Amino acid sequence: MTTFTQTYPTDLKYTEWQLISDYFPSNTFGRPQKWERWQIINAIFYVNRTGCQWRMLPVNYPPWPTVYYYYWQWKSDGLWEQINEALVKQVRKKDGRNEQPSAAVIDSQSVKTSEGGEERGVDVHKQTPGRKRHLVVDVLGLVLLVLVHSASIQDGAGGLLTLQKLFERIKHNLHNRYCRLKLIWADGGYTSIVEKVRTQFGWVLEIVKRSDDVKGFKVLPHRWVVERTFGWLGRYRRLARDYEHTTASSESMVYIASIRRMLKMVAT
């Protein structure tokens with residue numbers, strides 16, 4: 001058993017590790033475990049925050065093939081999203097709110113990609129070649145859902161895909177996740193899907209438009225929440241560009257950044 005230590009600022013504190021340790025059981029196949037699960041998690045957090053390549057992990061961490069194997073396995077199992085969902089409930093409860101949000105905000109962010117990969121295109125409005133990240137966040141700015149797709153897909157179509165994915169997860173979840181959700185705020189790019197969202201999902205999609213009379217920067221009600229979340233995620237350099245080959249990996253990297261931030265909020 002390795003002594004729990006912190007080598008880099010991105011590493012977990014013991015109190016933070018205790019919050020998620022149950023999601024990472026030790027090896028059950030009878031072979032000796034060379035690396036503790038928290039060491040592997042720390043390495044993944046390091047890549048996510050610093051933006052370094054997997055092969056360039058510091059020697060203080062487990063070998064990069066081991067770290068990458070577990071990252072990919074947990075991604076395939078949907079574990080990052082499960083942990084993110086559990087921490088959202090804990091943060092909301094700590095803030096004195098119901099675990100399930102009744103309102104949310106949706107928006108997208110276009111990011112450049114690197115060296116190919118699936119689902120690539122060009123955002124003709126922002127002239128950005130790459131992908132779009134569609135986020136649904138609660139009123140605290142906590143990530144409820146992320147969907148990554150080609151940047152060539154317009155906000156209306158991409159937003160409908162995102163809300164469809166959210167609706168399907170609510171529908172098939174035995175605990176009826178986010179069943180209190182009734183209202184979603186969005187910008188003018190989603191005007192075309194207002195009626196579809198109402199008829200297909202039963203949610204009110206309220207468009208918060210910028211007044212033409214206002215010049216310069218102005219904070220818009222509700223929409224600023226998701227913009228702040230994009231700002232928070234921008235501190236994680238792996239998200240500065242989309243370096244992932246698959247959209248599933250891109251989504252996992254967003255969830256990992258969200259998890260690291262919420263662990264600090266819950267543990268303090």
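Values computed for the structure shown
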| quantity | calculated |
| --- | --- |
| Out of Q53, Q73, sole residue that is surrounded by fewer than 12 Cβ atoms within 10 Å (Cβ to Cβ) and under 20 Å from R235 (Cα atoms) | Q53 |
| D95 over 17 Å from the mean Cα position of the chain (by Cα) and farther than 23 Å from S192 by Cα | yes |
| Residues located in the range 119-136, provided they are surrounded by 23 or more Cβ atoms within 10 Å (Cβ to Cβ) and among the charged types (D, E, K, R) | R131, K132, R133 |
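Results for (1) within 26 Å of W80 (Cβ to Cβ); (2) crowded, with 16+ Cβ neighbours inside 10 Å, shown as yes or no for each residue.
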residue: D138; (1), (2): yes, yes
residue: L142; (1), (2): yes, yes
residue: L147; (1), (2): yes, yes
residue: S152; (1), (2): no, yes
residue: A157; (1), (2): yes, no
residue: L161; (1), (2): yes, no
residue: K171; (1), (2): yes, no
residue: G189; (1), (2): no, yes
residue: E195; (1), (2): no, no
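No value in this document is a laboratory result; all are computed from the given coordinates. The structure presented is a predicted model; accordingly, all values stated were derived computationally and were not measured. So basically every Cβ, Gly included, is an ideal-geometry build from the backbone, and we count neighbours across all protein chains shown.
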